[in-house]
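First comes the structure, then the notes that go with it.
Read-outs: derived from the displayed coordinates by stated rules, not from any lab. A quick note: this is a predicted structure, and the numbers were derived from the prediction, not measured. Note that each Cβ is placed from the backbone with ideal geometry, even for glycine, and that neighbours are counted across all protein chains shown.
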Amino acid sequence: MVARAGAGKVDLPQIQSWVPVQPGGVRLSVHGWQALVIVAVVFVALLRNWWPPDLVLVAGTVVCALIGLISADEAFRGFSNEGLLTVAALFVVARGMQNSGVLDLVGSRMFGGARTSRQALVRLALWVPALSSMMNNTPIVAMLLPVVSTWCRRNRVAPSRLLMPLSFMTILGGMITLVGTSTNLVVSSLLADTKLRLTDPAFAAQLRPFGLLEIAPLGIICSVIGVLYLLWGAERLIPDRGDLLEQFGDSSREYLVNMLVQPGCPLEGRSVADAGLRNLPGLFLIEISRADTHLSPVEPDERIRIGDRLTFTGVIGSIVDLEKIPRFVPAPDEEDGVRPRRWRRLSEAVISPVSPLVGRTIRDSDFRALYNAVVVAVHRGGSRLRGRVGDTVLKSGDTLLLQTGPHFARAYRNHPDFVLVSTLDDFPPVRHDRAPLALALLALLLTLMVTEWIPVSLAAFAVALLLVATRCLAPAEATEGVDWQTLIGIGAGFGLGTALHHSGAANVIAGSLVRAVGPLGPHAILAAVYLLTLVTTEVLSNNAAAALMLPLAVATASNAGLSPRPFAVAIMFAASLAFATPIGYQTNLMVYGPGGYKFTDFTRVGLPLNLITMFLAVTLIPMFWPLALAR
């Protein structure tokens, strides 16, 4: 018998519904059955997508409070948890890195001279894990996804060859530090919260929060081995499917756009060919306007000068790629000038048959005064427009790409001048001039976290506020950058975990697990907890799995007379290192559609990686965090 009565048991004075593990078995109270039924319904609802995950978890917590498993204070206590608030602040920091162009600048340098998918994978392996160890995974994939897709289009490589490895490398790198993924912070906070309900000093001492680099040794090993597998072992398993844009072919909308070369633009003095403007996918350089001179067709050795206006025609994705070049901005009209990037949003508007714009040029229509917006580009059916945007005579059905304020779509969505108005939320404005300052603030955050001069939560909030104060991020953008669904789901998960504790259900399940695999030794118990968490993550999501499984892991350690810390580490890694399904981790879902993947693609490539990382974790965790409970 592995369990040792009285060794590190969870003290639950509110509901004495369980008894220590004994040969005769365990007893589950009515409260315990109620908690298990609620958690089972939550699992089914999450698996079948009845409601969004955050609403499912909130509903489960509210029901637990209504039937008396937990108090109202306990139901909502998770929303004031320090770890949850730290995650919120880090979302703001990540949005600041995104909007200041830090991630974009990194992405533009990432591939270097790579020309093949193999070379590109190596470059990703050098950059992505390091990036994801410093900030949340989701914004990194959000920013690098278009960078990788653009490189694939330019080099005629199927995005499916790189997007899945991008997600997997991001997940692996996130396990190097405590702040690499929100799941690590959730587990650390849950662990510290559990300490308040324990009476055994030796057991409680192991429930302190994790340090920033405490999991780094194991995280680095898993990352290195995992990346090596992606570079060599998975090469034949990763599918080779064409870009979705290629599948649409000629149906993609082509716009006409003018771009202005401003002082300080990196294109200055370079030839058209050297600047990479000659063979852009889905984009064609029609002419260069220089003072009163118009160069068309444009020769590949033509040098670009300050003040040049370059006229392109192409699809919107490629046009947005042009806007990412610093000091290379849309120049719709001589009279309009150029709006600052921090003001601009990109919107699309389709001209209606009754619009006063029909039959008039953009310049003559006084578009900017009428709508407080600037026409960046024009698309018309299947025809390729030529000339300057301001001289285009508008027709009914023309689609305009606009520079607008943040409320343009709401103001003109039902306006008779336009049939359709939509905001292109995927293409936020980038403030390249703030990138150095944003990088300095990121370095400050990492320094504060490593040195622990102040708590991690205060450091995260201080840097988030500095990003807003220094105008690297607008106040409205700071709140928009927070993933509220994730935070609500995490907060509600705390309540469900408390219900499992108070009802005794967690201890009963843990006792059953200990009796089932306990005779095989502590390592077998650890492996069972890891595997159970991994399966839960693959069918639900990482944060939900962590919040639901940690109480079981702590109870398991308590029943087996073992230290809870290695079990918490196992929850951390099992709840994040999930590669076999696209729903196990949010970044997998983000690349699922753009890569043109099938569900089984993730199983074929990710299942071996699951087994590799599980073997590494279960083998190495006891070496870094002893299973025996030191007294």
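Near ARG303, no amide H atom lies under 5 Å from its own; only residues 5 or more places off or on other chains count, and H is placed 1.01 Å from N.
Taking R0 as 51 Å, what FRET efficiency do you get between ALA291 and THR116 from their Cβ-Cβ distance, rounded to the nearest 0.05? Spell out each step's value before the answer.
On the way: r = 42 Å, r/R0 = 0.83.
Once rounded, the FRET efficiency stands at 0.75.
Taking Cβ atoms as reference points and 15 Å as the exclusive limit, the residues near LEU548 contribute a net charge of -3, counting Lys and Arg as +1 and Asp and Glu as -1. Tally Lys/Arg at +1 and Asp/Glu at -1 over every other residue whose Cβ is under 10 Å from the Cβ of LEU237; what's the total? Within the 10 Å Cβ shell, the charges total 0. For ILE286, which sequence-distant residues (separation of 5 or more, or a different chain) have an amide H within less than 5 Å of its own amide H, given hydrogens modelled in the peptide plane? Those qualifying (amide H under 5 Å, at least 5 residues apart or on another chain) are THR311, PHE312, THR313.
The Cβ shell under 15 Å around GLU302 holds other residues with a net charge of 0, Lys and Arg each +1, Asp and Glu each -1.
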